[in-house]
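Starting off with a structure, shown below.
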Amino acid sequence: MSRYNYPLMSLYYYNQEYSGYRRIAKRGYKYNSYNSAKDQAGGQTVFSTTAEYSLRAAVHLAMSPNHPLTTQEIADATHVPMPYLSKVLQALVRANIVVTRRGLHGGCMLQRSPELITVFEVVEAVDPIKRITYCPLGLAAHGTHLCPLHRRLDNAIESVECSFKDTTLAEVINEPSSSRPLGELFSCTEHLKTE
């Protein structure tokens, strides 16, 4: 593919793994290697980038429950582009998960305790999980009675939904593990606050 085939070549990069051009960003957001869960995982992910970003932001806010954080601080700590993060935070405010305070010591905070906010609420606020309620192929014979394949897919979606409903942000940040949510990203910002 020559560069003359795409007038917006700046929005594309050549990816040797996929032997082709891939879109870098939409609506002017810069590509950042930290941004895409899909890129970090090395392939397709089940959840949208918006859901991933909202979870990063919510977990970061849960790690500092009594300290308002600016959008810039959250963006730096979670490696989410500022314009994208602003839209994600607006959705979380509309869903009564995040509250914003204006002024000198203002910023964003969780509206409720991390023990009372589930992962499901965060994901549902920005990109609701879609269950399979009718035949995706539109086969009239199937109607609302799913075939074995689509029933199993819907069962998998249901189990993820149940798992998210049973998991709070507090459980995510307090779970004993050798790695911490947002790992080195959070410890860097934590170090900056103490100086």
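Is it the case that the range 51-65 has a residue that's over 14 Å from the mean Cα position of the chain (by Cα) and at pLDDT below 90?
Initial filter on the range 51-65 (over 14 Å from the mean Cα position of the chain (by Cα)): 62-65.
Right, trim to at pLDDT below 90 and you get 64-65.
Among the residues of the range 51-65, at least one is over 14 Å from the mean Cα position of the chain (by Cα) and at pLDDT below 90, which makes the answer yes.
Kindly indicate the residue of the range 57-80 that is polar (S, T, N, Q) and in a loop (DSSP other than H, G, I, E, B) and also surrounded by the fewest Cβ atoms within 10 Å (Cβ to Cβ) among those meeting that condition.
Looking at residues that are polar (S, T, N, Q) and in a loop (DSSP other than H, G, I, E, B), I get Asn66.
Let me ask something additional. If I ask for residues that are surrounded by 13 or more Cβ atoms within 10 Å (Cβ to Cβ) and outside any loop (DSSP other than H, G, I, E, B), which ones from the range 131-151 would you list?
His150
Answer yes if at least one residue in the range 115-138 is more than 16 Å from Leu55 (Cβ to Cβ), touching a helix residue (DSSP H, G or I) at 6+ places or on another chain (Cβ under 8 Å), modelled with pLDDT of 90 or more and among the aliphatic types (A, V, I, L, M), and no otherwise.
Looking through the range 115-138, none of the residues is more than 16 Å from Leu55 (Cβ to Cβ), touching a helix residue (DSSP H, G or I) at 6+ places or on another chain (Cβ under 8 Å), modelled with pLDDT of 90 or more and among the aliphatic types (A, V, I, L, M).
Name the single residue, out of those in the range 81-113 being in contact with a Pro (Cβ under 7 Å, 6 or more places away or on another chain) and surrounded by 15 or more Cβ atoms within 10 Å (Cβ to Cβ), that is farthest from Leu169 (Cα to Cα).
Checking each candidate, the answer is Gly107.
Exactly one of these conditions fails for Asp166: (1) modelled with pLDDT under 95; (2) more than 27 Å from His105 (Cβ to Cβ); (3) touching a Ser or Thr at 6+ places or on another chain (Cβ under 8 Å). Give me its number.
(1)
Of the numbered conditions (1) at pLDDT 50 or above; (2) part of a loop (DSSP other than H, G, I, E, B); (3) in contact with a Ser or Thr (Cβ under 9 Å, 6 or more places away or on another chain), Asn35 satisfies every one except a single condition; which is it?
Evaluating Asn35 over (1) at pLDDT 50 or above; (2) part of a loop (DSSP other than H, G, I, E, B); (3) in contact with a Ser or Thr (Cβ under 9 Å, 6 or more places away or on another chain) leaves (1) as the failure.
Could you count how many residues in the range 81-103 are closer than 15 Å to Ala58 by Cβ, within 16 Å of the chain's Cα centre (by Cα) and in a loop (DSSP other than H, G, I, E, B)?
Residues meeting the conditions: 2.
The values are calculated or read from the model by the stated rules, or taken from the named source; none is laboratory data. Just so it is clear, the model here is predicted, and its values are computed rather than measured. Every residue, glycine among them, receives a Cβ derived from its backbone with ideal geometry; neighbour counts consider all protein chains shown.
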